[in-house]
Amino acid sequence: MHENAIRVVRTRRFKVTTNSSHKSSIEPNLLGQDFSAPALNQKWPADITYIWTCEGWVYLPVVLDLFSRRVIGWNLEVRMTTDLPTTALQRAIALHQPPPGCVHHADRGSQYCSEAYRQLLSAHGFIVSMSRKGNCWDNAVTESFFKTLKADSCGGKPGAHVKRSSRLSHPTSTNSTMRRECIPHFSGKALWIMSATPLNR
């Protein structure tokens, strides 16, 4: 590593994003760590991560397609609310119109188990799958994307290229508004990853 100028990037800050201490029903892990997909709109994993900025935490939920390995829905807010991942899923549905039977896989956190999120999944005919408690490997592709986004796109310095925008907390912020005002603060490379680049298989 020394000869090739390769260095290890360590993450220092940590914030809990999964609250599984709730009374909502839990679905079985139907995905079973099978991250292959025969076509688009067959398997959609979702998750939420946190990003430290010089002004505080921001929360990023994403929805991926396991066939293309691309981010197909996302949101960015300063508060962890039920609407946070719901908006990301709504955007993915609006853009890609998945057929009934698409598998939606997420953790068993309160946001993904909420009534509003479940109603959205049911209305569009999703098959719901959830990770086992405390098992990050059940959603490894999404976890890998978050690691790449934080380590590579922010240059290994959390907050160094991130400036929180006041527009993030506005409930009427559109996808184009967030893309224009918020994501570029991660750096151009982050925008490239978020908008079009498939993950390594």
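Residue under question is Pro61, and the condition is that it be in contact (Cβ under 8 Å) with a residue 60 or more places away in the chain, in a strand (DSSP E or B), under 21 Å from Glu115 (Cα atoms) and not aromatic (Phe, Trp, Tyr); does it hold?
Numbers: in contact (Cβ under 8 Å) with a residue 60 or more places away in the chain: no; in a strand (DSSP E or B): yes; under 21 Å from Glu115 (Cα atoms): yes; not aromatic (Phe, Trp, Tyr): yes.
No: the conditions fail for Pro61.
Where residues in segment 76-93 are over 12 Å from the mean Cα position of the chain (by Cα) and modelled with pLDDT of 95 or more, which of them is surrounded by the fewest Cβ atoms within 10 Å (Cβ to Cβ)?
Applying the filter and picking the extreme gives Gln90.
Which of (1) more than 20 Å from Leu40 (Cα to Cα); (2) in a loop (DSSP other than H, G, I, E, B) does Pro100 not meet, given it meets every other one?
(1)
Being farther than 21 Å from Gln119 by Cβ and of a type outside the set (Val, Ile, Thr) is the filter here, so list the residues in segment 44-58 that pass it. Write out each step before concluding.
Looking only at segment 44-58, we keep the residues that are farther than 21 Å from Gln119 by Cβ, and these are 49-58.
Listed by number, the residues that qualify are Tyr50, Trp52, Cys54, Glu55, Gly56, Trp57.
So that you can scan it fast, the table gives a plain yes or no per residue for (1) over 17 Å from Ala37 (Cβ atoms); (2) in contact with a strand residue (DSSP E or B) (Cβ under 8 Å, 6 or more places away or on another chain):
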| position | (1), (2) |
| --- | --- |
| Gln90 | yes, yes |
| Gln97 | no, no |
| Pro100 | no, no |
| Gly109 | yes, yes |
| Ser114 | yes, no |
| Arg118 | yes, yes |
| Ala123 | yes, no |
| Phe126 | no, yes |
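Hey, does segment 39-51 have a residue that's farther than 17 Å from Pro100 by Cβ, of a type in the set (Phe, Trp, Tyr) and either outside any strand (DSSP E or B) or modelled with pLDDT of 95 or more (or both)?
Taking segment 39-51 first, the residues farther than 17 Å from Pro100 by Cβ are 45-51.
Now drop any that are not of a type in the set (Phe, Trp, Tyr), which leaves 50.
Among the residues that remain, those that are also either outside any strand (DSSP E or B) or modelled with pLDDT of 95 or more (or both) are: none.
Within segment 39-51, not a single residue is farther than 17 Å from Pro100 by Cβ, of a type in the set (Phe, Trp, Tyr) and either outside any strand (DSSP E or B) or modelled with pLDDT of 95 or more (or both).
Among the numbered conditions (1) surrounded by 19 or more Cβ atoms within 10 Å (Cβ to Cβ); (2) at pLDDT below 90, tell me where Cys54 comes up short.
Going through (1) surrounded by 19 or more Cβ atoms within 10 Å (Cβ to Cβ); (2) at pLDDT below 90 one by one, Cys54 breaks only (1).
Given the conditions (1) within 21 Å of Arg91 (Cα to Cα); (2) surrounded by fewer than 19 Cβ atoms within 10 Å (Cβ to Cβ), and given that Gly109 satisfies all but one, which numbered condition is not satisfied?
(2)
The values are calculated or read from the model by the stated rules, or taken from the named source; none is laboratory data. These figures come from a predicted structure and were not determined experimentally. With ideal geometry, Cβ positions are generated from the backbone for all residues, glycine too; neighbour counts draw on all protein chains shown.
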